[in-house]
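Notes follow once the structure below has been shown.
Every read-out reported here was derived from the displayed coordinates using simple, explicitly stated rules and does not represent laboratory data. These numbers were taken from a predicted model, which means no experiment stands behind them. Note that each Cβ is placed from the backbone with ideal geometry, even for glycine, and that neighbours are counted across all protein chains shown.
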Amino acid sequence: MIPRIPIGRELVNGINFLSDNLHAIFSAISSGINAMVGGVYDVLAFLPPVLLVALVALISWKAARLHVAAFSVASLSLIYSMRLWDATLHTLALVFVATAIALFLGIPMGILKARKPVVSTLLEPLLDFMQTLPSLSYLIPAVLFFGIGEAPGVVATVIFAMPPAIRLTCLGIEQVSEQIVEVGTSFGSTSRQILTKIELPIAMPSIAMGINQTIMLAFSMVVIAGFIGAGGLGEVIISGIQRYSLVHALEAGLSVVFLAIILDRITKAIARIYEH
């Protein structure tokens, strides 16, 4: 009979060891994330709801089409009428910060993955692990490292949402024709110039789709992060389920769907612009 191997206990012990010995670093990261989320929320909350709805409608109209702008106005107005505006702004702040961090880390890692076979070999199993691990499992190390609140929610969301940014950036660069790169090299372009002037512009449609997928995954994880006190619509949903207040839970769930659809249509429209 195979003896029991306490992998879970050893992992928790390792996390606790890191948390105890690197407490200052994790505390600084937590403070930085909280400051970023608070800053984005303050900017969104400073704008009058009518002005913010108008800005979203204008962006939707310019990036996508008129019907997307009309949907944006109708859905955001409905969210406001359901008295979920503040929670919505909090959710948007969490998504914006988590997406920005995920792209800041993910796009350079995708470039390295495409250019360095060693990096690709190391990242591939890690990305497989990140994309197959159940979403609730991300909350455990996040809570152990950062406690309860916005910071662990953002960290868990970043890790959960980053793989598409890495993989689609890598895919876009790998699909650049070798002949085009050779032409650039023959004209004396450096590796950095080839990356910035040739590879990245050609790979932009794929990178834009990676941004789209990162945002969508961020929305799904931010809702789950409501379990650890991240706030926003996720907390309203979870609180409603726990108290059997299904009306509030359904309204908050619909609000998340509306926000995700608006940002999905906008980012997909932007991706199509780069294809032409």
Problem set entry | Theoretical FRET efficiency, 1/(1+(r/R0)^6), r = Cβ-Cβ of Ala74 and Arg272, R0 25 Å, to 0.05 | 0.60
Exercise. Tell me, how many Å apart are the Cα centres for the stretch 245-276 and for the stretch 160-196?
Worked result: 30
Exercise. Per Stokes-Einstein, at 20 °C and 1.002 mPa s, what whole-number D in µm² s⁻¹ belongs to the chain, with the Kirkwood radius over Cα pairs as the hydrodynamic radius?
Worked result: 104
Problem set entry | Among Glu251, Glu182, Glu235, residue whose mean-square fluctuation peaks in a GNM of the chain (springs only between Cα atoms under 10 Å) | Glu182
For this session: Could you size up the charge dipole of the stretch 1-122 around its Cα centre, putting +1 on the beta carbon of Lys and Arg and -1 on that of Asp and Glu, and report it in debye to the nearest 20?
Result: 500
Seminar exercise, completed: Applying the gyration tensor rule to the Cα atoms of the stretch 38-89 (axes a ≥ b ≥ c; rounded if a/c under 1.5, else prolate if a/b exceeds b/c, else oblate), the class is oblate
Exercise. Classify the stretch 1-126: rounded, prolate or oblate, from the alpha-carbon gyration tensor (a ≥ b ≥ c, eigenvalue square roots; a/c under 1.5 rounded; otherwise prolate if a/b is larger than b/c)?
Worked result: prolate
Exercise. Hey, with R₀ at 35 Å, roughly what FRET efficiency would Leu144 and Thr121 work out to, going by the Cβ-Cβ distance, to 0.05?
Worked result: 0.75
For this session: Determine the dipole magnitude for the stretch 130-276: charges of +1 sit on the beta-carbon of Lys and Arg, -1 on that of Asp and Glu, nothing else is charged, the reference point is the Cα centre, and the result goes in debye to the nearest 20.
Result: 140
Seminar exercise, completed: For the chain, the helices passing both cut-offs (Cα extent along own axis of 24 Å or more, Kyte-Doolittle mean at least 1.6, full DSSP H runs) are 200-224
Exercise. Counting Lys and Arg as +1 and Asp and Glu as -1, what is the net charge of the other residues whose Cβ lies under 12 Å from the Cβ of Arg65?
Worked result: +4
Exercise. Hey, rough spin-label estimate for Lys62 and Val257, points 7 angstrom out along Cα→Cβ, what's it come to in nanometres?
Worked result: 3.0
Problem set entry | Net charge, Ala93 excluded, C-beta distance under 12 Å - Lys, Arg +1, Asp, Glu -1 | -3
For this session: Given the peptides 150-160, 8-18, 40-50, arrange them by the average over their residues of other C-beta atoms within 10 Å, most packed first.
Result: 150-160, 40-50, 8-18
For this session: Give the distance, in whole Å, between the Cα centre of the stretch 67-109 and the Cα centre of the stretch 32-48.
Result: 13
Exercise. In percent, how large is the relative contact order of the chain, given Cα pairs closer than 8 Å and 6 or more residues apart?
Worked result: 23
Problem set entry | Highest-MSF residue in the chain out of Ala161, Ala54, Ala218 [GNM, Cα springs under 10 Å] | Ala54
Exercise. Around Gly229, with a cut-off of 15 angstrom between Cβ atoms, what is the net charge of the other residues, counting Lys and Arg +1 and Asp and Glu -1?
Worked result: -2
Exercise. What is the distance, in nm, between label points placed 7 Å from the Cα along the Cα-to-Cβ direction at Asp42 and at Lys197?
Worked result: 4.2
Seminar exercise, completed: Comparing Thr196, Thr99, Thr169 in a Gaussian network model of the chain (Cα, 10 Å), the one with the largest mean-square fluctuation is Thr196
For this session: Can you figure out the FRET efficiency of Leu105 with Ser245, using R₀ = 35 Å and their beta-carbon distance, to the nearest 0.05?
Result: 0.40
For this session: Could you tell me which of rounded, prolate or oblate describes the stretch 66-221, using a ≥ b ≥ c as the square roots of the eigenvalues of the alpha-carbon gyration tensor, with rounded for a/c under 1.5 and, failing that, prolate when a/b is larger than b/c and oblate otherwise?
Result: oblate
